[in-house]
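Data block below; observations after.
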Amino acid sequence: MEQVSEAYVKLVLALGTHDPDYVDAYYGPPAWKAEIAAAKPTLDAIASRAETLTKDLRALPAPGDELATLRRHYLERQLAALSARVRMLAGTRLSFDDESRALYDTVAPTFAEAHFQQILDRLENRFPGTGPLVARYESWRKDFVIPPARLDAVFKTAIDACRERTLAHTTLPAGEQFTVEYVTKKSWSGYNWYQGNFRSLIQVNTDLPIYIDRAIDLACHEGYPGHHVYNVLLEQHLVKDRGWTEFSVYPLFSPQSLIAEGTANFGIEVAFPGAERVAFEQTVLFPAAGLDPSKAAGYYEAQALVDQLSYAGNEAARRYLNGEIDAAAAAAWLERYALMPADRAQQRVRFFDQYRSYVINYNWGKDMVRRYIEAQGGTAANPGKRWAEFEKLLSSPRLPSGLAVAR
Ligand SMILES: [Zn+2]
């Protein structure tokens, strides 16, 4: 198993030499990276090596316990996703759903326009007037932008609160920490770069105005109990404690990303369940941002409705990547059904170009994780159990298809 594990890490690094977005994190031996950079295997060589490795993996004796069994399935599925990504880089075009099944081990549900329209109708009542709804929504939302001069302070306050809540339920290794950087000209709004030794670099994109809800969302999603904690727990429990080297590399276009994004998004609710969040926003974050605290409850009521439009983004991506609509039509769809203003819609289409069916990992991933945790007894009514199941999921190699089976 150790040999297969090492070969897998090198294979992921090899594919990274062909695809700059592929290796999201690597903190294994630096010599392996140097070895691969020098050898730079071709896509064909990577494809045939993945095939051999899968056979080697299947030929190994049956694993002893549940975690080792999860490990085995996980590695086999990660290898299958790697092979799919190789085929894509070699020119194979999969449909949106076939691609997400191959890369993320799941297919997101499809919704018709009528589904979004009934949510939009409710928003029409919330923001009455003439002209496009998205324009009325945006003009109302202007009062909730974090002033750039206060952004860093607000964001750090949010991170401290998310960390405190996470540490109340989860034991993290000493020395874990991250640094925050502000960047521009990216297709994403935030990114966590895990660096190993329990450290992360979190980047926040300031191309577009940052609304107050992003403070807690980003702090939880990228930091606590999201990506940073997920990577820290994998490093601690699987890489350091068990010596499972394959977890020292994180290939972005793989089932691991559904678990990563799904837990990062569900983690927001785990750390800040509805009413607690509004109270915190009202008493701490709105004042820190210089915003009117009396408007906090109304803001989050409207946002909860807008959040229900999240799957409209998947529909735009599905149609666009399937070649049914062009970039302009995809942006127009996002404006109409996901209520994104033009600049944000265009940024999102650039995200589709770069990350493709990855989009489903955020909303569908979150829903899959929530259902799984709730099926284990981790309901909102039982927060202690919810945190415990959440931590368990973050510390184990469970596949997206494994979340569905457990329902
Ligand atoms: Zn993320």
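The values are calculated or read from the model by the stated rules, or taken from the named source; none is laboratory data. Please read all numbers here as calculations on a predicted model, not as lab measurements. Ideal geometry is used to build each Cβ from the backbone, glycine not excepted, and the neighbour counts take in all protein chains shown.
Quick notes on this structure:
- Checking the stated criteria, residue 229 turns out to be in a helix (DSSP H, G or I), modelled with pLDDT of 95 or more and within 14 Å of the chain's Cα centre (by Cα).
- Residue check, residue 214 within 30 Å of residue 246 (Cα to Cα), among the basic types (Lys, Arg) and in a helix (DSSP H, G or I): no
- Inside the stretch 210-250, residues that are within 17 Å of residue 265 (Cα to Cα), without any contact (Cβ under 8 Å) to a residue 60 or more places away in the chain and away from the ligand (no atom under 15 Å from the Cβ) make up a count of 0.
- Here is the figure for the stretch 96-149: residues that are among the charged types (D, E, K, R), assigned to a loop (DSSP other than H, G, I, E, B) and without any contact (Cβ under 8 Å) to a residue 12 or more places away in the chain total 0.
- Search result, residues across the stretch 261-276 that are of a type outside the set (Val, Ile, Thr) and within 16 Å of the ligand (Cβ to nearest atom): 261, 262, 264, 265, 266, 267, 269, 271
- Residue selected from the stretch 168-186 under the condition surrounded by 17 or more Cβ atoms within 10 Å (Cβ to Cβ) and farther than 24 Å from residue 387 by Cα, by the criterion nearest to the ligand (Cβ to nearest atom): 186
- When each of 79, 120 is tested for being crowded, with 18+ Cβ neighbours inside 10 Å and within 21 Å of the chain's Cα centre (by Cα), the lone residue that passes is 79.
- Among the candidates 279, 288, 296, residue that is away from the ligand (no atom under 15 Å from the Cβ) and crowded, with 20+ Cβ neighbours inside 10 Å: 296
- Positions within the stretch 185-199 being at pLDDT below 95 and either on the phi > 0 side of the Ramachandran plot or not in a strand (DSSP E or B) (or both), in sequence order: 185, 186, 187, 188, 189
- When the stretch 373-407 is filtered for residues that are in a loop (DSSP other than H, G, I, E, B) and either farther than 18 Å from residue 171 by Cα or of a type outside the set (S, T, N, Q) (or both), the ones remaining, listed by number, are 376, 377, 378, 379, 380, 381, 382, 397, 398, 399, 406, 407.
- Among residues of the stretch 187-204, those that are away from the ligand (no atom under 12 Å from the Cβ) and either surrounded by fewer than 18 Cβ atoms within 10 Å (Cβ to Cβ) or hydroxyl-bearing (Ser, Thr, Tyr) (or both), counted: 5
- Residue tally, condition over 30 Å from residue 201 (Cα atoms), hydrophobic (A, V, I, L, M, F, W, C) and touching a Leu at 6+ places or on another chain (Cβ under 9 Å), over the stretch 48-77: 3
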